[in-house]
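A quick write-up on the structure given underneath.
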């Protein structure tokens, strides 16, 4: 067939050839009317819609509501445990660290009792507190029972199970709902009005893998070159591409607003995250306890344990020497006394 | 927004009031005088509306306010809040009261509350400021009641819970001082205040085990009741929170050493060594290092003597055997610490002689 198609002939299926197509990329001439009446208006509509959506989202944003106290407590406990797990743990002596690890990864309830608790305030754990305390005493001899946080990692799941995350879910949904509804409507509209339109061509060749992405809605044109973009795909590309533009156009939120959120959080009120990211205290604490259980004391180097060694450096007494001096400790100590005192006094003299 | 190239002197020089305030807030600086000065200029303390309009003419073009002719609500309230706190800080009570009134008019009067009451419907952010004013006037009872109400309303209000303890602590301190002045007749009273404060802190820590500052306070409470194990536990918590702070290590070591016992003495020595490593100029740590090593040697001595008496024969030898290395280390530490101290005080002969005499005593004790 003719290898030089006339520029005017816009055949979407004009390149159905004998030889393998799309290698010798045929240029399709896209009508300028498409540009004027479809591509640009679509862009404008989407920008307007994005602006509208952000405003609606702001209106629909829930007012901050009190954070459940258990959540707050669990977050705080997690913070505390994470310190132990992180590098700061090395600045505790190994025995104390291990005591904490054992105590905090201890399970307070066995699983059989989990269901029965039924959402008391979390203060019903006097027995549990005793267990925790005992574990702590055995482990490290910390007898600070007045302030042991009653519910450390194993924190009573009975109350956690009923954690009131349901309340927040609806509020968070609202904003998302608005965006979703808008997207669906626009997509339906575009695929209805501009079905089968090829709107633009990207100026570089693409592999066939991109066909799904670029030519959504053009089902029967299996041989069309991949760099042509269909209307629905154009919509998607613009939708994702505009995010950065919106960030630029609308600016960051005011510093005052951000700070306001921080203060509200400090005052125990929260907007609640997106619905997917609800904080599940029981699960988080259990995970943390599992992690703690898996850490081994021997796998860590405790800086406190070697602090003296590093401080003394070469002067640190050698093991061998200690054994030797171990034989004559009884009177060796007396001689050692003289030696060391004379040594130190001679040091002082030297300084003078 | 504040650009990355703007720093405080440029902003001040440009008389860019709102961004000065923002910069100070964002960096959490404590510059109350600057804040009060620029806050006055920004808010036009004599006449709100007019001065707002005139001062906002100097905003840099980057200022993204939608209505450049006046401050937005959020900006104005934030500035008022900031100026209020700073005014309390420098003791400009009338200015503080004025800011608080403005905030109340903007925030609370929407619900139609009367000035002094803190109805439960009013904003907790406003009541936080109200509590600050109560505290600044020394009206601890009012402040405590306010914070109590806030925590009852929303138990996860960390700020109110924390301030509640602070107020209780301050009350205890003032009653103690008063009792000290009016002879020791009121001993029960101030003890009760102490207990209330400790209880409040205890409650707070149960809910917020992650708060390092609260653990530090708790360590003080424990020390005041001679509970050295408890203090050590609290200070360990603090060490986990800020592991590179030399002074915390020193305090922890002191708690260990005072608690007594061989294991504690060893731990104390180690933490002192860590403190010295973290900050070689920390003289308290150097003295502490020597003292803790001495304490350890004494402890070994004591055990070996008592063990010798109780068990008879080899008991004393055993402990010395077991602690052979530790004894050596302790001696080395004393020598190292002594050398350092002599070097530090090398400049003044008087101090040097005192230190040397002290060291000689300790080396005789070896």
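Here, each number is a calculation from the coordinates, and none is a lab measurement. The shown structure was predicted, so the numbers you read here are calculated from the model rather than taken from an experiment. As a convention, Cβ positions derive from the backbone with ideal geometry for all residues, glycine included, and neighbour counts pool all protein chains shown.
Computed values, structure above
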item: Inter-centroid distance (Cα atoms) of region A:233-258 relative to region B:256-288, Å; result: 55 Å
item: Shielding by partners - mean other protein chain Cβ count within 10 Å, residues of A:245-257; result: 4
item: Fewest-first sequence of B:270, B:350 by Cβ atoms within 10 Å of each Cβ; result: B:350, B:270
item: Inter-site label distance for residue B:244 and residue A:63 at 7 Å from Cα along Cβ, in nm; result: 4.4 nm
item: When region B:123-189 is reduced to its Cα atoms, the Kirkwood hydrodynamic radius in Å; result: 12.6 Å
item: Least to most buried among B:169, B:249 (fewest other Cβ within 10 Å first); result: B:169, B:249
item: Interatomic Cα distance distribution for region A:48-103, bins of 5 angstrom, percent; result: 4, 15, 14, 11, 9, 9, 8, 9, 7, 6, 5, 3, 0
item: FRET efficiency for residue B:74 and residue B:30, using Cβ-Cβ distance with R0 set to 25 Å, rounded to 0.05; result: 0.65
item: Neighbour-count order for B:229, B:202, fewest beta carbons within 10 angstrom listed first; result: B:202, B:229
